[in-house]
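These notes concern the structure reproduced below.
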Amino acid sequence: MKNNDIGFKHDYENTTLTFEDVCKLSGNIILEFGTAWCAHCQAASSAIEEVFTEHTTLSHIKIVDGKGKRLGRVFKVKLWPTLILLHDGKEVARVVRPLHSDEVRQLTEKIN
């Protein structure tokens, strides 16, 4: 992980991150799958950002998902946004289409 991955990210990245890369990540990280044009993703953004202001050392990777995007399929993402909490590259928990900060906060409560 690079230091610039710490904290809330406003923009989705069109990344070449692979499942193997994800498995090698260390620490607590939230992967967020979605797209900038998705109304559900836009609606969830403020709730997600609010929780990241409480967890300033938590890493956040926003990944553009969609047709032909393999990483989302490997994680069985079906709806956007999907937030997946990882600890040392392994899935701990996930939340799909959160609208309220409490839903995201429940995810972060699972952090070791």
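The values are calculated or read from the model by the stated rules, or taken from the named source; none is laboratory data. Predicted model only: the values in this text are computed from it and were never measured. Don't worry about glycine lacking a Cβ; one is built from the backbone with ideal geometry, like all the others, and counts go over all protein chains shown.
The figures follow:
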{"item": "Within the range 43-74, considering residues that are at pLDDT 95 or above and among the small types (Gly, Ala, Ser), the one nearest to residue 21 (Cα to Cα)", "result": "72"}
{"item": "Residue ranges of helices (runs of 4 or more DSSP H) in the range 9-75 with at least 3 members within 15 Å of residue 87 (Cα to Cα) and more than 13 Å from the chain's Cα centre (by Cα)", "result": "19-23"}
{"item": "Scope the range 13-61; condition farther than 25 Å from residue 102 by Cα and free of Cβ contacts under 8 Å to residues at least 12 places away in the same chain; matching residues", "result": "16, 20, 21"}
{"item": "Set 77, 92: member being touching a Leu at 6+ places or on another chain (Cβ under 6 Å) and at pLDDT 95 or above", "result": "92"}
{"item": "Subset of the range 95-104 that is among the aliphatic types (A, V, I, L, M) and not in a strand (DSSP E or B) - its residue that is modelled with the lowest pLDDT", "result": "99"}
